[in-house]
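Notes follow once the structure below has been shown.
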């Protein structure tokens, strides 16, 4: 399964890679978990509602979430907000 990042999500990924190794490591763990079991497992996966219906989130920490959507052949990752 492929992984596709929205532009802001990729920018966040690179930011955390440089500035917060612990959060970046947790993000990588949750991404692997999403690819293995998209709707269960670590990070308390939950379906989103409203304008984000069809998307899921997993907790990175108290503040940040991994927001993703599962397609047949890939997982799409987007940012959960516009702030770091």
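The values are calculated or read from the model by the stated rules, or taken from the named source; none is laboratory data. In this text, all values refer to a predicted model and were calculated from it rather than measured experimentally. Virtual Cβ from ideal backbone geometry, glycine too; neighbours counted across all protein chains shown.
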(message) Looking for something in a helix (DSSP H, G or I) and in contact (Cβ under 8 Å) with a residue 40 or more places away in the chain - is there at least one such residue anywhere in region 53-65?
(response) no
(message) Kindly evaluate residue 80 against the criterion of being at negative phi and either surrounded by 17 or more Cβ atoms within 10 Å (Cβ to Cβ) or in contact with a helix residue (DSSP H, G or I) (Cβ under 7 Å, 6 or more places away or on another chain) (or both).
(response) yes
(message) I'd like to know if region 6-17 contains one or more residues that are assigned to a loop (DSSP other than H, G, I, E, B), touching a strand residue (DSSP E or B) at 6+ places or on another chain (Cβ under 9 Å) and at pLDDT below 95.
(response) no
(request) Look at region 4-40 and say how many of its residues are surrounded by 13 or more Cβ atoms within 10 Å (Cβ to Cβ) and over 16 Å from residue 77 (Cβ atoms). (result) 1
